[in-house]
Amino acid sequence: MHYGLCCTCLTHMSFKDKNILVVGGSSGIGLALIKHLALQQVNIYNISRNRSDDWPADVIHIQADVTSDLSSIDAQLPEQLHGLVYSVGSINLKPFQRLTQEDFLNDYKLNVLGAIDVIRICLKALKAAGEASIVLYSSVAAKAGMPFHASIASAKGAIEGLTLSLAAEFSSFKIRVNAIAPSLTDTPLAKNLLSTDEKREASAKRHPLNKIGTPDDIALATQFLLSDHSGWVTGQVIGIDGGLGTLKHL
Ligand SMILES: NC(=O)c1ccc[n+]([C@@H]2O[C@H](COP(=O)([O-])OP(=O)(O)OC[C@H]3O[C@@H](n4cnc5c(N)ncnc54)[C@H](OP(=O)(O)O)[C@@H]3O)[C@@H](O)[C@H]2O)c1
């Protein structure tokens with residue numbers, strides 16, 4: 001049977017003229033995502049404290065710290081938003097006994113409350129788009145128990161709960177909500193864990209696929225979740241993790 005598909009249909013993500021907000025697009029995964037979206041003629045909005053020299057010229061930068069009052073960003077957003085990605089996070093690894101209540105609170109504020117605040121501000125514009133997609137980032141550590149991850153795993157566990165709750169609540173507005181749970185990915189956030197060849201090799205070896213992630217690995221999966229190609233996907237937490245989260249590594 002001929003379905004009338006061609007190469008263009010399979011690769012074309014139908015993003016043209018859509019408005020997508022990336023929070024945390026000045027570095028790492030968010031920056032890689034912006035570079036991919038720019039090839040798809042997306043109108044890109046970015047919230048971060050700093051600009052990136054690597055951005056395409058037409059990225060609209062809304063300067064803000066997600067841990068502060070965000071009420072003023074509303075006026076800088078478009079009336080319709082087709083996608084929202086919250087790519088802000090932390091890697092604060094310490095033995096449990098050295099983690100303070102402040103550590104837990106800071107990780108929760110940056111990873112979870114920041115996302116909640118941004119979603120709250122964007123909800124009207126996401127609804128106005130008719131169909132929209134929200135992508136959040138968990139971590140492989142939310143489900144795979146790892147020593148020294150108590151604080152970040154707690155915060156990312158909350159992200160996974162938030163993803164499912166909002167996916168259920170927003171389905172009637174045709175807003176899809178999904179999360180990606182990456183394992184160690186080569187971004188500035190992970191620089192201390194990847195600062196020597198020995199550390200990089202040891203980290204790669206922990207993964208069944210024997211490599212650490214690249215920002216593109218995560219950005220391309222995010223682009224799929226933003227696109228119409230994932231139009232029937234919501235309430236999912238997808239591991240992009242070289243197999244670390246689910247496979248036994250012999
Ligand atoms: N890299 C990994 O190994 C890994 C593993 C699992 C999960 N993740 C998750 O993946 C997501 C992206 O991480 P990444 O590795 O790409 O991080 P990254 O390279 O550190 O980039 C983080 C982005 O967030 C922005 N940001 C940080 N604090 C902010 C604040 N207070 N207000 C506004 N913007 C802020 C940064 O921009 P400014 O500094 O300009 O504000 C930057 O654009 C995070 O949710 C992270 O937890 C990463």
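Quick note: the coordinates plus some simple rules give every number you see, no bench work behind them. Just so you know, these numbers come straight off a predicted model, no measurement behind them. For neighbour counting, all protein chains shown are included, and Cβ atoms are generated from backbone atoms with ideal geometry for every residue, glycine included.
Between 0 and 90 degrees, rounded to the nearest ten: what's the tilt of helix 28-38 against the longest Cα principal axis of the chain?
Once rounded, one gets 20 degrees.
Mind checking the full-extension length gain between Lys211 and Ala57? Use 0.36 nm per residue of separation minus the Cα-Cα distance, one decimal, nm.
Values: separation 154, 0.36 × 154 = 55.44 nm, distance 3.29 nm.
Here the segment from Lys211 to Ala57 would lengthen by 52.1 nm.
Count charges around Ala144 for me, please; just the other residues with Cβ under 13 Å from its Cβ, Lys/Arg as +1, Asp/Glu as -1.
Details: positive: Lys143, Lys156, Arg206, Lys248; negative: Glu160, Asp241.
Charge balance in the 13 Å sphere: +2.
Return the calculated 222 nm mean residue ellipticity for the chain, to the nearest 500 deg cm²/dmol, obtained by summing -39500 (n - 2.57) across DSSP H runs with n ≥ 4 and dividing by the residue count.
Numbers: 7 runs with 81 residues, N = 250.
It lands at -10000 deg cm²/dmol.
Going through the cross-link list Lys16/Lys199; Lys16/Lys211; Lys191/Lys248; Lys16/Lys156, which pairs have a Cα-Cα distance over 30 Å in this structure? Could you put the intermediate results ahead of the total?
Numbers: Lys16/Lys199 41 Å; Lys16/Lys211 34 Å; Lys191/Lys248 26 Å; Lys16/Lys156 32 Å.
Beyond 30 Å: Lys16/Lys199; Lys16/Lys211; Lys16/Lys156.
At q = 0.10 Å⁻¹, what base-10 log of I(q)/I(0) does the Debye formula yield for region 6-154 when every alpha carbon is treated as an equal point scatterer in vacuo?
With no solvent term, the Cα-only Debye profile gives -0.40.
What's the ranking of 51-62, 231-242, 33-44, 76-87 by average number of surrounding C-beta atoms within 10 Å, highest first?
Values: 51-62: 13.4, 231-242: 17.8, 33-44: 19.7, 76-87: 22.3.
Those peptides, ordered most packed to least, come out 76-87, 33-44, 231-242, 51-62.
Determine the sum of side-chain charges near Gly83: Lys and Arg each +1, Asp and Glu each -1, restricted to other residues whose C-beta is under 14 angstrom from that of Gly83.
On the way: positive: Lys16, Lys18, Lys127, Lys174, Arg176; negative: Asp17, Glu131, Asp228.
Result for the neighbourhood of Gly83: +2.
Mark the label point 7 Å from the Cα of Asn106 along Cα→Cβ and return the residues of region 112-151 whose backbone N is within less than 13 Å of it.
From region 112-151, the list is 151.
For helix 215-226, report the angle its Cα long axis makes with the longest principal axis of the Cα atoms of the chain; keep it between 0 and 90° and round to the nearest 10°.
40
Any idea what diffusion coefficient region 127-250 gets from Stokes-Einstein, in µm²/s, Kirkwood Rh on alpha carbon pairs, 10 °C, 1.306 mPa s?
Details: Rh = 15.4 Å.
Here the translational diffusion coefficient equals 103 µm²/s.
Stretch Asp17-Leu39 to full length: gain in nm at 0.36 nm per residue minus the Cα-Cα span?
Details: separation 22, 0.36 × 22 = 7.92 nm, distance 1.18 nm.
This chain segment gains 6.7 nm when fully extended.
On the first, second and third principal axes, largest extent first, how far apart are the outermost C-alpha atoms of region 19-103 in Å?
Each principal axis gives a Cα extent; for region 19-103 these are 49, 27, 22 Å.
Could you work out how far the C-alpha centroid of region 173-250 sits from that of region 19-74, in angstrom?
20
Could you give me D for the chain, from Stokes-Einstein at 20 °C and 1.002 mPa s, where the hydrodynamic radius is the Kirkwood radius over C-alpha pairs? Units µm² s⁻¹, please.
Calculated translational D: 115 µm²/s.
Which FRET efficiency, nearest 0.05, do Ala202 and Leu250 yield, Cβ-Cβ r, R0 25 Å? Don't skip to the end; give the middle numbers.
Details: r = 17 Å, r/R0 = 0.69.
That gives a FRET efficiency of 0.90.
Any chance you could run the full-extension gain for Ile116 through Asn50? It's 0.36 nm times the residue separation minus the Cα-Cα distance, nm to one decimal. Display every interim value, and only then the final one.
Details: separation 66, 0.36 × 66 = 23.76 nm, distance 2.11 nm.
Result for the pair: 21.7 nm of gain on full extension.
List the relative contact order of the chain as a percent without decimals, with contacts defined as Cα pairs under 8 Å and 6+ residues apart. Please report the intermediate quantities before stating the final value.
Working: 465 pairs, mean separation 49.5, N = 250.
Relative CO of the chain lands at 20 percent.
What is the calculated FRET efficiency for Leu220 to Ser172, with r their C-beta to C-beta distance and R₀ = 25 Å, to the nearest 0.05? Present the calculation step by step, with values, prior to reporting the outcome.
Working: r = 29 Å, r/R0 = 1.17.
It comes to 0.30.
What angle, in degrees between 0 and 90 and rounded to the nearest 10, separates the Cα long axis of helix 150-170 from the longest principal axis of the Cα atoms of the chain?
20
Using Cα pairs closer than 8 Å and at least 6 residues apart in sequence, work out the relative contact order for region 114-250, in percent. Could you put the intermediate results ahead of the total?
Numbers: 205 pairs, mean separation 41.1, N = 137.
So the answer I get is 30 percent.
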